[in-house]
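All remarks here apply to the structure that follows.
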Amino acid sequence: MKISFTLNKQEVTIDADPMKRLLDVLREDFDLLGAKEGCGEGECGACTVLLNGKPVTSCILNVVHAEGKEIETVEGISKTELGKLIIDCFDETNAVQCGFCFPGFFITSYHYLKTDGENDLDKIKEALAGNICRCTGYKKIFESVMLACQRKNGIEV
């Protein structure tokens, strides 16, 4: 089945089994390896992408659900000014250890900064709640998002 959607600001069409997971299409057909398979059940957040501007777990979403929609991945968002700011803040606070969970935290941090961005620890914790990290105690991750909230002024969101 031919499925057309916007992927990182570019129109794409793929001939694929409509029931193939979006995660697999991104990784195998488009060589976008940022989203990772962690749990395969939509619980850990490592496979998170934006679908029409909202975070979704791509491991439990079939590619047919992308038809006519906009998908943004780590690779696309990391090229934006806001994406670069988030990466710099994660780097500055040493929030990333093994990096496996980073794509999910990055995507949800980006979404939070675009839709709210208030430098409020409780709100940040709630926004990032769908992501699991097995290496950290989350403190540095929250610090990095708080730092990004402080610095986002002047950056188009």
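Descriptive notes on the structure:
- Global form of region 1-80, assessed from the alpha-carbon gyration tensor, a/c cut-off 1.5: oblate
- Anisotropy class of the chain from Cα gyration tensor, a/c 1.5 cut: prolate
- Compared with the dominant principal axis of the Cα atoms in the chain, helix 81-92 is inclined by about 50°.
- For region 1-79 and region 126-141, distance of Cα centres in Å: 22
- In plain terms, the chain from Asp29 to Lys114 could stretch by 27.7 nm, reckoned as 0.36 nm per residue minus the Cα-Cα distance.
- Placing a pseudo-label 7 Å from each Cα along the Cα-to-Cβ vector at Ile60 and Glu156 gives an inter-label distance of 3.5 nm.
- Cα-based shape type of region 78-151, given that a ≥ b ≥ c are square roots of the gyration tensor eigenvalues and the cut on a/c is 1.5: rounded
- Extension gain from Ser4 to Arg134, taking 0.36 nm per residue of separation minus the Cα-Cα distance: 43.2 nm
- About the centre of its Cα atoms, region 82-157 shows a dipole size close to 180 debye [charges on the beta carbon of Lys, Arg (+1) and Asp, Glu (-1) only; nearest 20 debye].
- Out-of-range pairs (alpha-carbon distance over 22 Å; input Lys69/Lys152; Lys9/Lys69; Lys2/Lys54; Lys20/Lys114; Lys9/Lys125): Lys69/Lys152; Lys2/Lys54; Lys20/Lys114; Lys9/Lys125
- Stretch gain in nm, segment Lys125-Asn52, where the contour uses 0.36 nm per residue and the Cα spacing is subtracted: 24.0 nm
The numbers here are math on the coordinates, done by the rules we state, and not lab data. Computed from a prediction, not measured in an experiment: that's the story for all the values here. Glycine gets a Cβ as well: all are built from the backbone with ideal geometry, and neighbour counts include every protein chain shown.
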